[in-house]
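Undergrad: Structure below; questions to follow.
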């Protein structure tokens, strides 16, 4: 207990998280490529789509490991950043839903690339949350 | 409820920098700074560790 309490906030777990994130991204883009390449063979679709999902569970596990051992203020900042990001996405989706309700408001969103916008959004929310504790 | 603390004074008595204190407690320097400026109230576990490090009672370091 004592040793654990006094252990420095080591970033030793970060490399594993980066590797998991990298492997996930590779598997995701391989799956996307595979969906195009093997599209005619429909029974392969689910298998190809599941490939990044398996790696995703590993990534989530690594994120949890990092969050459990991270400095408690950092944990609080990440929590606030997540809350901000979630509400921003909720507001954006509700706004887009309203636009679709208008007669000429039909919008076609590139769902396959929308996830990419979430990364900088989370970064902005993280910086906003961190600012309060500086 | 606002919780005040005399962490800065106690740290100064020991002539520790924020970084040194952070290292002793196993937290980041930003955490120490946020506690000292009253922007962040530490967890009960960290509050006990701080009190123990300064050989004080928790209610002497943190006051409502």
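The values are calculated or read from the model by the stated rules, or taken from the named source; none is laboratory data. For clarity, every value in this text was computed on a predicted model and none was experimentally measured. Cβ sites come from the backbone with ideal geometry, for glycine too, and all protein chains shown count toward neighbours.
Undergrad: Determine which member of the set A:63, A:48, A:19 is in contact with a helix residue (DSSP H, G or I) (Cβ under 9 Å, 6 or more places away or on another chain), part of a helix (DSSP H, G or I), on the phi < 0 side of the Ramachandran plot and at pLDDT below 90.
TA: Of A:63, A:48, A:19, the one residue that is in contact with a helix residue (DSSP H, G or I) (Cβ under 9 Å, 6 or more places away or on another chain), part of a helix (DSSP H, G or I), on the phi < 0 side of the Ramachandran plot and at pLDDT below 90 is A:48.
Undergrad: Using the structure shown, decide if residue A:99 is more than 14 Å from every other protein chain (Cβ to nearest Cβ) and within 27 Å of residue B:40 (Cα to Cα).
TA: It is false that residue A:99 is more than 14 Å from every other protein chain (Cβ to nearest Cβ) and within 27 Å of residue B:40 (Cα to Cα).
Undergrad: Being away from every other protein chain (no Cβ under 11 Å) and either surrounded by fewer than 17 Cβ atoms within 10 Å (Cβ to Cβ) or not in a helix (DSSP H, G or I) (or both) is the filter here; which residues of the stretch B:45-57 pass it?
TA: B:54, B:55, B:56, B:57
Undergrad: Here are B:5, B:33: which of them is surrounded by 16 or more Cβ atoms within 10 Å (Cβ to Cβ), closer than 14 Å to residue A:71 by Cα and either modelled with pLDDT under 95 or under 11 Å from the mean Cα position of the chain (by Cα) (or both)?
TA: B:33 is the lone residue from the list that is surrounded by 16 or more Cβ atoms within 10 Å (Cβ to Cβ), closer than 14 Å to residue A:71 by Cα and either modelled with pLDDT under 95 or under 11 Å from the mean Cα position of the chain (by Cα) (or both).
Undergrad: Let me ask something additional. Return the only residue of A:68, A:134 being within 14 Å of chain B (Cβ to nearest Cβ), assigned to a helix (DSSP H, G or I) and without any contact (Cβ under 8 Å) to a residue 24 or more places away in the chain.
TA: A:68
Undergrad: For the stretch B:13-30, what are the residues that are surrounded by 18 or more Cβ atoms within 10 Å (Cβ to Cβ) and either facing chain A (nearest Cβ under 7 Å) or touching a strand residue (DSSP E or B) at 6+ places or on another chain (Cβ under 6 Å) (or both)?
TA: Listed by number, the residues that qualify are B:26, B:27, B:28, B:30.
Undergrad: Surrounded by fewer than 10 Cβ atoms within 10 Å (Cβ to Cβ), in contact (Cβ under 8 Å) with a residue 60 or more places away in the chain and farther than 24 Å from residue B:30 by Cβ: is that true of residue A:106 in this structure?
TA: No: the conditions fail for residue A:106.
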